[in-house]
Structures are given as structure tokens and as C-alpha cells.
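Chemist: Have a look at this one.
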Amino acid sequence: MRPLRLLAAVTGSPRLLGAGPVAAATPVRVPPDSLSGASGTAPAPDRPGARARLRAWAELLRVSALFTVPGDALAGAAAAGRRPGRGTALAVGASLCLYEAGMALNDWADREEDAVDRPHRPIPSGRVAPGAALAAAGALTAAGLALAARAGRPALAVASGLAATVWAYDLHLKHTKLGPAAMASARTLDLLLGATASAATATTMTAARSATGGRPVTARARSAALPAALALGAHTYAVTAVSRHEAQGGSTAAPLAALAGVAGLAAAVLRGRPAPGEPPRTPAAAERILLPAFAAAYLRTSAVPLLHAALNPSPPLTQRAVGGGIRAMIPLQAALAARAGAPLVGLAAMGLVPLARALSRKVSPT
């Protein structure tokens, strides 16, 4: 009778095959949420909640790297001799949209490769559908161009070049020797977008001519911001060259070359030479204090992990060097703004560093 009593206790039935009452049997209730329907024949499907979907998209879009974007427009405005205004805000919005479009398109284009090397990423793990990622890339690109258009035709022209570079990089150039140069060009154009949009005025571009030479105001702004844009592009080139080895590791030459590059950039920023055609000026007290501090922060953030990756080119240390290089863009932008005579703008950009560091602990920027 013991087997019958045991079965009766499990089923909750007081009688089983004429076996008489089982007084000590205690019914065992099955939680209703473990069944798919009234008959309880199948387990319920495991559907990700809103928080899980939000985290998947945060990983896809690399939201922790977003804080490196606004400084491009701020440094561009400073290099163009403009205070941040409506055009700068539009440039920041356009840059954020185009940057996120590139992140979504990057993972869509790499979905087959990531299925082998990075199966934990949102698309190969099944947390984000490939079609949804591609649609997001298209929508974000359109939104970025629309915001740039509100800053004027010259800003739209720069943003269009930036968008074309981003799509060309993700769809083809990233796997060629031109990959680092394409990424550097994108970041260079992003700073020039900030300079162009910030210099736009309410008058028409045909009426906005300089007193000498007849050049449009936005063209002069881009020319003035070009040295800063090239400096940011050079840093981006170095980081991108290192990132090509982050999955397998094994490269000592790339981190060493990047280390030499960031050291040279820090020294060039500290020299603070005026742009061609501009008279020498005496730096203000805030600039004399903040510029070396920003340059030191840039060097520390990027150089230390690069040195570790050069000494031990393992995938984790190489990925850490890439992440440090991405975060180092913020103090570099701040230093470029301070060198252009806007140290307080640089200080505002540096305010994004704690946010970027805190979020990077939760969502990887690479």
C-alpha cells in the first residue's frame, strides 16, 4: 500500500484503484503560473521582460559610449570661435543619432561573425532581431540628417558625408585596410559638423560673407576647426587599429603604435599653437590650469591600458585598451576646447566622464 499512498499524496486523490481512504494524504498544489492553459499540458514560454529588452538594446547601441559624442560638437564650436548655442545643440543631436545608427548597423553587418566570436551579443543571442537592428539604423540615420538640416544646408552637407562614411565603414570598409582611416574620417567630420552648425546664422548663406575673401562664415569655421578635427581623427585611427585585434588579441605592435600616437597628441595639444592666420594670444588663467589637467587626464585614460595591452596582448587587455581609448576622447575634446580658448566648455565636457565610467561598468562600450 505504500506506493499507492505515495501516489495518492502526489495526485491529491482520496481514493486510488479501490484502495480506501488515505487520511494522511496532503494535496500538493501546482502553481498555476507554471502551466500554459487550463489543461496544464505545457510549460509557459519564457518571454523576456521589458527590462531585458531594454538591456539588449542598450548593449546593441553601446549606450556607455554615447557620452563621448557631445564633446565633438562642443570642441568644434570652441575651435570655430563660437559659444555653444542652438546650432551646437542640433549638432549634438545629429551626432548622437548617427553614432547610434552606426552601432546598430555594425552589429547587423557582423551578425554572422559575432555568432562565432561573440555569441553573447544581442543579435546572435536572439535578444534583438536582425531586421529590427537594421530598421533602427535607418531610422536613426534619417533622424540625424533631419536634425542637421535644421542647422542649415552646410551642416546637412557635412552630416550627409558623415552618414555615408558610417554606412560605408560598417558595410564594407571595416574589414579592409581602409577601416581605421574611415573611422577616423567619421570622427573628424563629426567635430566639423559641430563647428559648421555652431557657425550657422539666421541669415542666408549667400548673404553671410566675411569682410575679406568673400568666404561663407561656415567655411571659415570649418577651416578654423580643422586642426582640432584632425587631432581627434588621429586618436580615433589609433584606437580603431587596436580594436581590430580585440577578439583574438596577439598584437603588440598596434598598442605600441597607439601609445606613441596618444603621447604625441598630448604633447601637440599642450603646445597650443594658434590656428593659421590667427595672431598669438595670451592664455587666460583658467586655460593655463585646465589645459594641462585635461591633457594629463587624456594621457592617463588612454596610455595606461595601451601599455598593459602591449605587455600582454590578450583579448581582455586589448578590449580594455579599446574601452580606455574610447573614454579618453572626452578629456581630449576638453583639451581641444581649452586650447581654443574655451576652458569652461572643456570643463563642461569633462563632467560627462563620471557618467561614462559608471555606465561602462554595466554596458561595455566595445
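The values are calculated or read from the model by the stated rules, or taken from the named source; none is laboratory data. These numbers were taken from a predicted model, which means no experiment stands behind them. Cβ coordinates were reconstructed from backbone atoms using ideal geometry, including for glycine residues, and neighbour counts include every protein chain displayed. With ligands, DNA and RNA removed, areas are computed over all heavy atoms of the protein, side chains included. Shrake-Rupley method; radii C 1.70, N 1.55, O 1.52, S 1.80 Å.
Chemist: Would you mind telling me which numbered condition in (1) part of a loop (DSSP other than H, G, I, E, B); (2) touching a Lys or Arg at 6+ places or on another chain (Cβ under 7 Å) PRO313 fails?
Modeler: (2)
Chemist: Residue check: is ALA58 aliphatic (A, V, I, L, M), in contact (Cβ under 8 Å) with a residue 12 or more places away in the chain and surrounded by fewer than 21 Cβ atoms within 10 Å (Cβ to Cβ)?
Modeler: yes
Chemist: Turning to a different aspect of this structure: Based on what the data block shows, is GLY323 assigned to a helix (DSSP H, G or I) and at pLDDT below 95?
Modeler: Answer is yes for this residue.
Chemist: Being open to solvent by less than 70 Å² (accessible area, probe 1.4 Å), closer than 17 Å to THR68 by Cα and at pLDDT 90 or above, is that true of even one residue in the stretch 269-291?
Modeler: no
Chemist: I'm told TYR169 meets every condition in (1) open to solvent by less than 50 Å² (accessible area, probe 1.4 Å); (2) more than 18 Å from the chain's Cα centre (by Cα); (3) not β-branched (Val, Ile, Thr) except one. Can you identify the failing condition by its number?
Modeler: Only one criterion is unmet by TYR169, namely (2).
Chemist: Could you pull out the residue among VAL63, VAL22, VAL92 that is at pLDDT below 95, under 30 Å from ALA200 (Cα atoms) and open to solvent by less than 40 Å² (accessible area, probe 1.4 Å)?
Modeler: VAL63
Chemist: How many residues are touching a Phe, Trp or Tyr at 6+ places or on another chain (Cβ under 9 Å), of a type in the set (A, V, I, L, M, F, W, C) and open to solvent by less than 40 Å² (accessible area, probe 1.4 Å) when one looks only at the stretch 329-348?
Modeler: Residues flagged as touching a Phe, Trp or Tyr at 6+ places or on another chain (Cβ under 9 Å), of a type in the set (A, V, I, L, M, F, W, C) and open to solvent by less than 40 Å² (accessible area, probe 1.4 Å) within the stretch 329-348 amount to 8.
Chemist: Quick check on the stretch 349-361: of everything there that is open to solvent by 20 Å² or more (accessible area, probe 1.4 Å) and assigned to a helix (DSSP H, G or I), which residue is nearest to ALA267 (Cα to Cα)?
Modeler: For the stretch 349-361, the residue satisfying everything is MET350.
Chemist: Take the conditions assigned to a helix (DSSP H, G or I), open to solvent by less than 50 Å² (accessible area, probe 1.4 Å) and under 25 Å from LEU191 (Cα atoms) and apply them to ALA148. Does it pass?
Modeler: Yes: the conditions hold for ALA148.
Chemist: Follow-up question, since we're still on this one. Quick check on my filter: what residues within the stretch 174-187 are free of Cβ contacts under 8 Å to residues at least 24 places away in the same chain and either open to solvent by 40 Å² or more (accessible area, probe 1.4 Å) or of a type in the set (Val, Ile, Thr) (or both)?
Modeler: HIS175, THR176, LYS177, LEU178
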